[in-house]
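First up is the structure itself, then whatever we jot down about it.
The values are calculated or read from the model by the stated rules, or taken from the named source; none is laboratory data. Quick caveat: nothing in here was measured; it's all calculated off a predicted structure. Quick reminder, even Gly has a Cβ in these numbers, built from the backbone with ideal geometry, and neighbours come from all protein chains shown. Areas reflect the complete protein model, heavy atoms only, side chains present, ligands, DNA and RNA absent. Shrake-Rupley method; radii C 1.70, N 1.55, O 1.52, S 1.80 Å.
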Amino acid sequence: MNTHTLRTHRLFYGGGLNQVQVHDESQTPTALLSQFELAGSEHDVVLLSWLSDDRIVALDERGNLYLWPFRPGIKVAIEPVLALNLMPFKDASLQGSNLWLMAREQGERLSQRRLFRIDLVALQVTQYPPCEFDFVGGSMVALENGDFAFYQRSGKPGYPFRTHGLVRYAPRSGQVSLLPLTGKPAPETISVRERFFFQHRHGLALTADTESLTAIQGTDGETAYQFELQLIDFHRQQMRWSRPVRALLPNQIADEYDCDELVEALDAIAGGDQRACHNDELQRFVECLTSATLSDDGERIWLGWQDGCVQCLSLQGELLSPLYQLQQETAKDERASLSPWHDQLTLLDVKTDGQAPASSILTLSMGDPEWATLWQVALPSVAPGSLCQGAEPQPALCQRIGFDLQLPEPLLGTPVPSGQLDIPCRDSEDQGERLASLTQLNALMPALATYFERHTQAGHLFFAFVATQPGGDKVHSEKQFFPAVAAGNDQDREQLAQLIEHFNHWPCASRLMGQAGAPVLADAVLSLIDRADYLPLLARYFNAIGQQESVQRYHLNRTLPALREIHAGTSELAAFNQQVPPPWNNLNHTVVSTCDYDDD
């Protein structure tokens, strides 16, 4: 099977299409081999895999199926070979040349779902009778005999009804069997944090048993709280173990001003009071465990906690490491916690270093996924001597990292058919790395101008700034990227001004559009309107884009009203109005304003 890595990303606003990239990670830095745009695919990709050494299969959550041959050195659009019109989508599993998926067809009852089998050779679809069981999406595991296992939890409120279990489904006979599991899952089924940590490749899942909450009185008089962590084995159809892994003090669970309410609720639950009024604090407690993942060899479990601690367990639930407190080095060369505010710690990748002494290299993100930073740390996964569960955490210094992506010359300045051009950004949360990406984009502008002069049928151009990272690439749109650059110093803004100036000199500027009906570089222009010294530059921009009606809405409703308000009564604004043609200098010219989410 092909060992090149398949990655996918999408701009989430403005109708961004799914992009599939093929990376060669055997090189340093990683090299982009090809990029494929999935035509018509504006929803999450739920399956992406090599079908053979030179064929790729992808499926999005609406049932658009894509099959295509891999060729290096190209950027092309791929049309779907099947459109199943599924909604909502639940799960998929690729078994050889058969793709199995569980979903509901449009028009069927909301509670109804059925199994589909797609023969990827003959492109034939087989539908099975509707299933009467529900399950957690993303928990579908193929068993050796052709059956499937799913994780199920009751959505019915109330402590007596909060149950979970494994469902076994045999497609050939339609037989369904339920294996109830001990313990109680978290009370809330919808949350911004994960509580069910599923390892699909190994058919294992980790989750908290909220029924096991206990209070532990320390020798210093402080009370700590713990719950049992459960390891569920889908292939064996059993719970392997359920055991406590860490006790937490109230200030490790909640902020100081919330501790009194938290302690009252947790004490009540530990004493047997299971009323729903305590559910918020119970949910907060179990969500202190923000990540759980297996090492690449499948032999170790690493846990990540919101206070910036990690620890390693065996598959039998035994401690293989002390508790490590992750730290960072500050600008003053001092050490500080990586998570001083109970942020979300997500373990993205764990690689085992086989050299002695054995260690695990953890790649992790810290913070909300929208603005998380990327870190790496090497830790001994087996600690010498005996391990004491209550011992003080050991400090471990992390390094801020980013991943480079090398693009070959033919792909560097070539947009995909929709007009999107991906610009690599090593770390989208670091201003220096943002400027490096902007410098690269500025260097590409002459080649892009030549591209659009030659390809007269190409009418769109917009940029996506992509940070490659394990667990899914991070993508920033122009709306996120350009204001962040402009928030820096004068030199930073000057690079943004240089980008606009490049575009101002394109002969084809007046026929191009950006993303979702906005003008090209609209957010870059909007980011510079507060400075009077940039008004001559912006006047040249408005002359370059012409007066086509399709670009008027954004600037007439957003850019120009703000610009006039900021510079009202100044000579610079008067000069600007003299330099731009109608309708840009006509205060009485208006267009209908619509919501960003309206269809144009």
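A few notes on this one:
- Considering residues of region 129-151 that are part of a strand (DSSP E or B) and modelled with pLDDT under 95 only, the residue most open to solvent (accessible area, probe 1.4 Å): Pro129
- Filtered by the rule that a residue be open to solvent by 40 Å² or more (accessible area, probe 1.4 Å) and at pLDDT below 90, region 348-370 gives Thr352, Asp353, Gly354, Gln355, Ala356, Pro357, Ala358, Pro369, Glu370.
- Contact map, region 501-514: residues that are among the acidic types (Asp, Glu) paired with residues that are open to solvent by less than 20 Å² (accessible area, probe 1.4 Å), Cβ distance under 9 Å, separation 6+ or inter-chain. Pairs shown: Glu501/Leu537; Glu501/Tyr541.
- Segments classed as strands (runs of 3 or more DSSP E), wholly inside region 194-239, with at least 3 members that are touching a Phe, Trp or Tyr at 6+ places or on another chain (Cβ under 6 Å): 204-217
- Selection of region 19-44 for residues being in contact with a Phe, Trp or Tyr (Cβ under 9 Å, 6 or more places away or on another chain) and either modelled with pLDDT of 95 or more or open to solvent by less than 20 Å² (accessible area, probe 1.4 Å) (or both) yields Gln19, Val20, Gln21, Val22, Leu33, Ser34, Phe36, Leu38, Ala39, Ser41.
- Residue, surrounded by the fewest Cβ atoms within 10 Å (Cβ to Cβ), within region 5-17, restricted to residues that are closer than 14 Å to Ser477 by Cα and under 16 Å from the mean Cα position of the chain (by Cα): Phe12
- Test: Ala292 is surrounded by 15 or more Cβ atoms within 10 Å (Cβ to Cβ), out of contact with any helix residue (DSSP H, G or I) (no Cβ under 9 Å at 6 or more places or on another chain), under 22 Å from Val136 (Cβ atoms) and among the small types (Gly, Ala, Ser): yes
- Within the set Ser339, Ser291, the sole residue that is touching a Gly at 6+ places or on another chain (Cβ under 8 Å), among the small types (Gly, Ala, Ser) and closer than 16 Å to Glu194 by Cα turns out to be Ser291.
- Of all residues in region 172-184, those that are over 15 Å from Met239 (Cβ atoms) and either part of a strand (DSSP E or B) or in contact (Cβ under 8 Å) with a residue 60 or more places away in the chain (or both) total 3.
- Taking the criterion of being modelled with pLDDT under 95, not in a strand (DSSP E or B) and not polar (S, T, N, Q), the only residue of region 75-88 that qualifies is Leu84.
- Within region 50-76, being exposed (fewer than 14 other Cβ atoms within 10 Å of the Cβ) and among the small types (Gly, Ala, Ser) holds for Ser52, Gly73.
- Counted residues, region 402-423 - those being modelled with pLDDT of 95 or more and closer than 29 Å to Asp490 by Cα: 4
- Any hit, region 472-492, residues being surrounded by 18 or more Cβ atoms within 10 Å (Cβ to Cβ) and part of a loop (DSSP other than H, G, I, E, B): yes
Yes/no per residue for (1) open to solvent by 10 Å² or more (accessible area, probe 1.4 Å); (2) touching a residue at least 60 places away in the same chain (Cβ under 8 Å); (3) of a type in the set (Phe, Trp, Tyr); (4) closer than 16 Å to Gln226 by Cα:
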residue	(1), (2), (3), (4)
Gly271	yes, no, no, yes
Cys277	yes, no, no, no
Phe285	no, yes, yes, yes
Ile301	no, yes, no, no
Cys309	no, yes, no, yes
Pro322	yes, yes, no, no
Arg335	yes, yes, no, no
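- Residue within region 160-169 that is in contact (Cβ under 8 Å) with a residue 60 or more places away in the chain, part of a strand (DSSP E or B) and surrounded by 14 or more Cβ atoms within 10 Å (Cβ to Cβ) present: yes
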